[in-house]
1. Using Cβ counts within 10 Å as a stand-in for footprinting exposure, how do 21, 108 rank, fewest first?
2. In a Gaussian network model over the chain where Cα atoms closer than 10 Å are linked, find which of 174, 157, 114 has the largest mean-square fluctuation.
3. Only bridges whose two residues both fall in the chain count here: according to DSSP, what percent of them are antiparallel, nearest 5?
4. Give me the distance in nm between label points sitting 7 Å out from Cα along the Cα-to-Cβ direction at residue 193 and residue 116, one decimal.
5. Determine, for 59, 167, the number of other Cβ atoms within 10 Å of each Cβ, and report the residues in order from fewest to most.
6. Can you tell which of 118, 163, 179 lies farthest toward the positive end of the dipole of the stretch 95-188, using +1 and -1 charges on the Cβ of basic and acidic side chains (Lys, Arg; Asp, Glu)?
7. Can you give the calculated 222 nm mean residue ellipticity of the chain, where each DSSP H run of n ≥ 4 adds -39,500 (n - 2.57) and the sum is split over every residue, rounded to the nearest 500 deg cm²/dmol?
8. Have a look at the DSSP beta bridges in the stretch 95-188 and tell me what percent are antiparallel, nearest 5.
Amino acid sequence: AAPWPAGRGPGDTVWLGVTDSEGVAVSFIQSIYHEFGSGIVLPGSGINWQNRGCSFSLDEHALNPLMPRRRPFHTLNPALARFADGRTMVYGNMGGDGQPQSQSAVFSRIANFGWNPQAAIDAPRWLLGRTWGQSTDTLKLEPRFAAHTAATLSAFGHEVEMMAPYDEAMGHAGAIVRHPDGLIEAGYDPRSDGAAAGW
C-alpha cells in the first residue's frame, strides 16, 4: 500500500472525441471516480471498477437515496451537437463540478459566437463550486478575464478566487467540429497534456 494519494498525477477522467471523413462521430468520457475507483479490480482482466455509487446516500430522505432503478449523481456528460448549418460537433470536458460549466462555455463560444474550437477552449474560464483537489465553493476565475470582471462579480456578492492563468482546476476540454464540406476543426486544452490530431 502506498500513502494516499499515490499514483501518477491528480486525475481519473478522460474525454475523447473522434469523427471520420463520412461524418461518423463519437464523444466518449471515461472515469472511475477517485484515483483507484472502488478499489476493486476484476480478476483476470485488471479492470478497475468505478466508484460512482459513492454519490448515493444511505439516508432514505436524501435527494439521491440508494434504491432500485436510481442512478448516481455525476457530471459525466460527453456531448454531441448537430447545427442547423450542417456542422457536427463532439465536445467534452473533465473537471468535477466544472465539467458542465466549461462545456457550456465551449459550446456557446462555438455555436453562438462562431469561434473555432481551439480559441473557444483556450479562452479564460470560470468555475463556481468545487472540483477535484479544491476545498472551496468560491467563484474561481482565470486572471485572463478583463480586469473589471472580478470586481463586478464581487460587487454582485460572489466570493471570487483568482486562479492561475491556465489552471487545471478548470478541467481539460476538447472539441471537434466537422463542416458539411468535410473540413474538420479541432481543439485541445492547453491546461492539459491532451492533443488534437488528424490524418
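1. On the way: 21 8, 108 12.
Final ranking by Cβ density, sparse to dense: 21, 108.
2. Comparing 174, 157, 114 in a Gaussian network model of the chain, the most mobile one is 157.
3. Antiparallel: roughly 85 percent of the beta bridges in the chain.
4. In this crude spin-label approximation the distance works out to 2.7 nm.
5. Lowest to highest Cβ neighbour count: 59, 167.
6. After comparing all options, I get 179.
7. Working: 3 runs with 29 residues, N = 199.
For the chain, the value works out to -4000 deg cm²/dmol.
8. On the way: 8 of 11 bridges.
Percent antiparallel among DSSP bridges in the stretch 95-188 is about 75.
Here, each number is a calculation from the coordinates, and none is a lab measurement. These numbers were taken from a predicted model, which means no experiment stands behind them. Every residue, glycine among them, receives a Cβ derived from its backbone with ideal geometry; neighbour counts consider all protein chains shown.
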